[in-house]
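This report concerns only the one structure given below.
FYI, it's all coordinate maths here, none of it is from the lab. Please read all numbers here as calculations on a predicted model, not as lab measurements. Positions of Cβ are generated from backbone atoms using ideal geometry, with glycine treated the same way; all protein chains shown enter the neighbour counts.
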Amino acid sequence: MSEHPKALPSTAMAGWRDYLELTKPRVVALMLLTSVIGMLLARQSLPTWQVLVFGNLGIGLLAGAAAVVNHVVDRKVDSIMARTRHRPLVEGRVDSLAALAFAANLGLLGTIVLVWQVNALTAWLTLASLVGYAGVYTLFLKYATPQNIVIGGLAGAMPPLLGWAAVTGRVEPHALLLVLIIFAWTPPHFWALAIHRKAEYAKAGIPMLPVTHGNRYTEIHILLYTLMLLSVSLLPFVTHMSGLLYLTGALILGLRFLAYAVKLLRGDDRRVALATFRYSIVYLMGLFILLLADHYMVF
């Protein structure tokens, strides 16, 4: 007698932890960190508690909605990749319709919070980021071109501008400079990880640059983008947004990032690629801490 395939867990078994996982809380937390930094840099004085609380609540809810849509779109690919095959949608703990309804509720609530308690500009900019990530990047760019990270990186670079707009109600040049820094940082950050996980991306059919053009080509581009990032990171000093404290730290952090990129190009080692990816996170956090320290003259 033939055996029946093992049934997937019922969606009735879904708990709050499953829905929390759908929002990618670690990613959202990093976005909110850069949003808070944008708020703090927008003015010399501290922002009001209302802006800090409701601004980040609304931004976080909309970011979570975009993450849920990403889970829905990527559920088949997630079932192939080792690091994602235990996600709630893949294992059937939450179905797609329930996830989309959850995303819609998060998005609506986040928009209401921003319009009601912050300002309409922040709400519209955050909605545009949601559409850019969940719609343009996840639905089209991710599977259409190896430049997916470059083009789609703009949506992920928006949080400092969102925080800035929450405080000022305007889009200002220095806020756009923060966006530019994250935009330039995104390709070397993700391409280093893509080299480390090249086999998984190839198996899933995602055209990341190492899969379509090889490691050497990707490593050259990591080096070039790291050089561009180093140049862009000096602009806060050039535009008098920051002073010597920031300039010194940005040069030290940037040259260290450049050393990782050169080492990766010379050695083509998956361990070096992973180390480069991990340092890129330290780099970005360090750079924004320096911006804050210089802004408030902590040292």
For the pair residue 289 and residue 256, the simple spin-label estimate (label points 7 Å beyond Cα toward Cβ) gives in nm 0.9
If the label point sits 7 Å along Cα→Cβ of residue 97, residues of segment 132-150 with amide N under 12 Å come out as none
Dipole check, segment 172-299, charges on Cβ (K,R +1; D,E -1), about Cα centroid: among 286, 276, 204 the Cα furthest to the positive pole belongs to 204
Pseudo-spin-label distance residue 29 to residue 115, built 7 Å along Cα→Cβ, given in nm, is 3.2
Label model pair residue 43, residue 270: point-to-point distance (7 angstrom along the Cα→beta-carbon line) in nm is 5.1
Quick calc of log₁₀ I(q)/I(0), segment 142-299, Debye, one scatterer on every Cα, no solvent, q values 0.11, 0.14, 0.17 1/Å, result -0.45, -0.71, -0.97
The chain, Gaussian network, Cα under 10 Å: of 107, 267, 254, the residue fluctuating most is 267
Cα convex hull volume per residue for the chain, in Å³, equals 135
For segment 181-197, in residue order, the Karplus 3J(HN,Hα) values (coefficients 6.51, -1.76, 1.60; θ = phi - 60°; whole Hz; Gly and Pro = x) are 4, 5, 4, 6, 6, 4, x, x, 5, 7, 5, 5, 5, 5, 5, 5, 10
With R₀ set to 22 angstrom, the calculated FRET efficiency between the beta-carbons of residue 282 and residue 244, to the nearest 0.05, is 0.50
Note on segment 13-170: contact order normalised by length, alpha-carbon pairs under 8 Å, 6 or more apart, percent, works out to 36
In a Gaussian network model of the chain with springs linking alpha carbons closer than 10 Å, the residue among 86, 174, 240 that fluctuates most is 240
Per residue convex hull volume, Cα only, segment 13-170, in Å³ is 105
